Amino acid sequence: MKKYNLLCLFCTVLFSMTMFSQASEITVASDATGAYTRPTGKRATVLKVVPHMAVNDSWRSAVLVRNNSNRTIAVTMDVLNSDGNLAQVVFYDGGNNDFRGSSFNLSLSPFEIIVMEFDQILTGERNVQAFFYSEDFDSEYSIETTYSSFEGGAKNATVGVFSDVPGPNFLVNVDQRVDSYSERRKFRGIAVTNTSNNNCDCRVNLYDDGINGQNAQPLLTVTINNIPSGGKWLGTTYDIFSNIDTLLGQAQYGYMEFVCTQNVSALGLAFENGSQISTSIPVDYFSFAQNKDGDTVRKMRR
């Protein structure tokens with residue numbers, strides 16, 4: 001009887017483990033390319049975005065989606081190119097199963113992480129972006145994107161970046177343009193994805209480090225025009241402010257303020273010339289509000 005009970009217990013545990021392992025699921029929803037039609041209604045407002053995923057000989061990206069709730073949730077991932085059109089990709093999950101398409105449905109069991117390691121872009125681009133949708137009651141999930149650099153087929157380093165909820169305004173720091181230790185030139189790469197249904201313009205203000213409170217006004221303002229719906233702008237600090245060294249002068253640090261006409265999702269990575277190592281840059285979203293004196297101030301997202 002004891003052996004029978006132990007056998008039943010073992011079978012029950014094995015069955016439970018099997019059912020749990022099969023609870024997670026990735027299915028291909030579409031392999032279409034070209035013009036992208038976004039979801040409508042409430043579902044379209046429950047959105048998280050990975051603005052940039054590199055898939056080429058020098059860089060590879062992986063996306064980790066974590067269910068933070070105690071119930072199974074459903075999430076849809078659509079893959080787009082820089083123009084906001086659907087792009088076909090190949091990725092592998094944690095079980096080394098491959099998936100090919102442009103839109104995917106993810107089912108995550110409680111507190112589970114699904115990993116997607118991107119291997120190819122079948123439509124020819126060197127990088128893509130991903131839009132994630134869910135119903136409001138399925139929105140308790142987090143996204144991390146990792147970026148791994150390769151040289152001669154060997155991986156050098158990996159950095160992870162958290163994907164926040166989109167917003168119209170954000171701040172990004174600017175550090176030393178020449179590293180004081182390595183003496184290499186440094187630059188910061190920025191990806192800005194327009195998450196709305198309309199074209200987007202972003203006004204970018206450059207401020208210095210504000211020593212003695214002297215940066216109340218920007219040093220220079222430029223505008224990034226006509227980011228298409230679902231599309232992105234990708235470049236570096238030097239693409240935005242080509243004379244940033246002169247503008248900042250002796251100030252080693254500063255920051256950029258992005259004020260956009262639509263909600264955007266932003267990503268920042270820092271690099272040094274001659275090095276394959278990168279670091280992530282915090283992106284701080286904010287809104288404008290009036291203080292008790294009637295002045296317009298930034299209200300940082302908490």
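The values are calculated or read from the model by the stated rules, or taken from the named source; none is laboratory data. Model, not experiment: these values are computed from the prediction. Please note: Cβ atoms are built from the backbone with ideal geometry, for glycine as well, and neighbour counts cover all protein chains shown.
Do we have N68 as within 19 Å of N56 (Cα to Cα), among the polar types (S, T, N, Q) and in contact (Cβ under 8 Å) with a residue 24 or more places away in the chain here? So N68 does not fit the description; no.
Okay, residues lined up against (1) closer than 25 Å to F131 by Cα; (2) part of a strand (DSSP E or B); (3) not assigned by TED's automatic domain parsing to the domain that holds V178:
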site: I190; (1), (2), (3): yes, yes, no
site: Q217; (1), (2), (3): no, no, no
site: V222; (1), (2), (3): no, yes, no
site: F258; (1), (2), (3): yes, yes, no
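With respect to the conditions (1) modelled with pLDDT of 90 or more; (2) basic (K, R); (3) surrounded by fewer than 17 Cβ atoms within 10 Å (Cβ to Cβ), K232 lacks only one, and its number is (3). Within the range 237-253, the presence of at least one residue that is touching a strand residue (DSSP E or B) at 6+ places or on another chain (Cβ under 8 Å), assigned to a loop (DSSP other than H, G, I, E, B), without any contact (Cβ under 8 Å) to a residue 40 or more places away in the chain and surrounded by 12 or more Cβ atoms within 10 Å (Cβ to Cβ) is confirmed. The range 35-88 holds strands (runs of 3 or more DSSP E) entirely within its bounds, and those carrying 1 or more residues that are over 22 Å from F99 (Cα atoms) map to 47-54. Of the residues contained in the range 119-139, one or more are found to be assigned by TED's automatic domain parsing to the domain that holds D57, touching a Lys or Arg at 6+ places or on another chain (Cβ under 9 Å), under 20 Å from G84 (Cα atoms) and surrounded by fewer than 14 Cβ atoms within 10 Å (Cβ to Cβ).
This table checks each residue for (1) surrounded by 14 or more Cβ atoms within 10 Å (Cβ to Cβ); (2) of a type outside the set (A, V, I, L, M, F, W, C); (3) assigned by TED's automatic domain parsing to the domain that holds D31.
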| site | (1), (2), (3) |
| --- | --- |
| V65 | yes, no, yes |
| V75 | yes, no, yes |
| L86 | yes, no, yes |
| Y92 | yes, yes, yes |
| G101 | yes, yes, yes |
| S107 | yes, yes, yes |
| F111 | no, no, yes |
| V115 | yes, no, yes |
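Every condition in (1) within 30 Å of I73 (Cα to Cα); (2) hydrophobic (A, V, I, L, M, F, W, C); (3) in contact with a Ser or Thr (Cβ under 6 Å, 6 or more places away or on another chain) holds for L106 except the one numbered (3). Taking the criterion of being surrounded by 14 or more Cβ atoms within 10 Å (Cβ to Cβ) and assigned to a loop (DSSP other than H, G, I, E, B), the residues of the range 141-171 that qualify are S163, D164, V165, P166. Restricting I244, I190 to those that are over 27 Å from T40 (Cβ atoms) and over 20 Å from the mean Cα position of the chain (by Cα) reduces the list to I244.
Filtering the range 175-222 to residues that are touching a helix residue (DSSP H, G or I) at 6+ places or on another chain (Cβ under 6 Å), farther than 29 Å from V79 by Cβ and modelled with pLDDT under 90 leaves R177, D208. Based on what the data block shows, is P282 more than 23 Å from the chain's Cα centre (by Cα), assigned to a loop (DSSP other than H, G, I, E, B) and either in the same structural domain as G153 (by TED's automatic domain parsing) or touching a residue at least 24 places away in the same chain (Cβ under 8 Å) (or both)? No, not satisfied. Candidates A216, A251: the one that is within 23 Å of Y285 (Cβ to Cβ) and among the small types (G, A, S) is A216.
Kindly indicate whether V50 is touching an Asp or Glu at 6+ places or on another chain (Cβ under 9 Å) and under 14 Å from T146 (Cα atoms). No; evaluated as a whole, the condition is false for this residue. So, of the residues in the range 172-209 that are surrounded by 19 or more Cβ atoms within 10 Å (Cβ to Cβ) and aliphatic (A, V, I, L, M), which turns out to be nearest to P228 (Cα to Cα)? So the residue we want is V192.
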